[in-house]
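Here the structure comes first, spelled out in structure tokens, and everything after it is commentary.
The values are calculated or read from the model by the stated rules, or taken from the named source; none is laboratory data. Owing to the predicted nature of the structure, the values given are computational and were not obtained by experimental measurement. Note: ideal-geometry Cβ built from the backbone for every residue, glycine included; neighbour counts use all protein chains shown. Please note that ligands, DNA and RNA were not included when accessible areas were found on the heavy atoms of the full protein model with its side chains. Shrake-Rupley method; radii C 1.70, N 1.55, O 1.52, S 1.80 Å.
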Amino acid sequence: MTRCAVLGSPIAHSLSPAMHRAAYAGLGLDWGYDAFEIGEDELRGFVASLGDDVRGLSLTMPLKRVALDLVDTVDPVAELIGAANTMLFEPDGSRSAHNTDVPGLVNAFAERGITAAESAVVLGGGATAASTLAALRGLTVSEVTVVVRDLSTAERLLDLAAELGLKTSVADFSQVEQIGGFDLCVSTLPGGAVDPWAYHFAGVAPVVFDVAYHPWPTQLAIAAHRIGTELLNGLDLLVHQAVLQVEMMTGRSPAPLAAMRSAAREELDDREPA
């Protein structure tokens, strides 16, 4: 049996097994997909131990950077971002690293008919914010404001923005009241972090993408709903990046997006307290 898996730490919360298994069922593939708790210092040994029945790995935090050192080739997006969420094992024994978060975010916007914009505000300065900047460039965005809790953490993002050709400014949350007038707002912060400013950021753009998905809804999502702002959430991103992973790992296209989204939602529903 051909096998794939998701690796990370923590990993118990991952929706990848539900989505990928639903995709295999939809594609008529007798493949297996598992989840493994793997830390940074364990990844090299784990990868080396795998047999030739393994086709691909999905990678979550904290493995997205260290994975780049364990492959023969890195796709341009993963190289630019400095993070890979996918590792493929080729029949010749070589390994390649890829980033499907960036095109997954572009595709999530496109599903809602959003294929271009001029300006955006991004909340947060971590790895997801970096992927977001690259995705926004793919939407032809030219001006971005990044809002972070600690200005010293934004240096790497500014370097990336310069490489992408984005005109970028940085602010912290003490300057929130002066921030507004964008086409898109993307929050990459964990649920709850934006709560004190939820209504403000729900109104700074006609479209808000909150990458959180559990617990849901966040205060930002509630505020966006109440004032009529179009809202996307982390499940949209999660499903679209997984669709691309499935297509890369199986060589089959299109992957069954609707079945994968349904499986993810059912898994989340099962986790809700009675």
Listed highest first by mean packing, meaning other Cβ atoms within 10 Å per residue, what order do 236-244, 201-209 come in?
236-244, 201-209
Highest-first arrangement of 149-158, 77-86, where packing means the average Cβ count within 10 Å
77-86, 149-158
With 5 Å bins from 0: P(r) over region 81-178, alpha-carbon pairs, percent:
3, 12, 22, 20, 17, 12, 7, 4, 2, 1, 0, 0
Within region 80-96, which residues have the backbone N less than 19 Å from the label spot 7 Å out from S49 along Cα→beta-carbon, could you tell me?
87, 89
Stretched fully, the stretch from R112 through S152 gains (0.36 nm per residue minus C-alpha distance, one decimal, in nm) 11.0 nm
When the chain is treated as a Gaussian network with springs between alpha carbons less than 10 Å apart, the largest mean-square fluctuation among L133, L105, L88 is found at L88
Return the label of the correct value of percent of Cα pairs over 31 Å apart, as calculated from the structure shown, out of (1) 44; (2) 21; (3) 26.
(3)
Taking R0 as 51 Å, what's the FRET efficiency between T73 and H200 from their Cβ-Cβ distance, rounded to 0.05?
0.70
Enter the accessible area per residue of region 21-178 (Å², integer; probe 1.4 Å; all protein chains in place).
46 Å²
Distance in nm between A12 and I222 label points, each 7 Å along Cα→Cβ, equals 2.7 nm
DSSP beta bridges in region 38-123: the antiparallel percent, rounded to 5, is 80 percent
Considering all projection directions equally, how large on average is the shadow of the alpha-carbon convex hull of region 102-232, in square nanometres?
6.9 nm²
The ³J(HN,Hα) series, computed from each phi in region 207-222 with the Karplus coefficients 6.51, -1.76 and 1.60 at θ = phi - 60°, rounded to the nearest Hz and given as x for glycine or proline, is 10, 10, 10, 9, 6, 5, 9, 7, x, 9, x, 7, 4, 5, 5, 4
Need the full-extension length gain, D41 to R271, defined as separation in residues times 0.36 nm minus the C-alpha distance. One decimal, nm.
79.8 nm
Could you give the accessible area per residue of region 179-229, probe 1.4 Å, as a whole number in Å²?
41 Å²
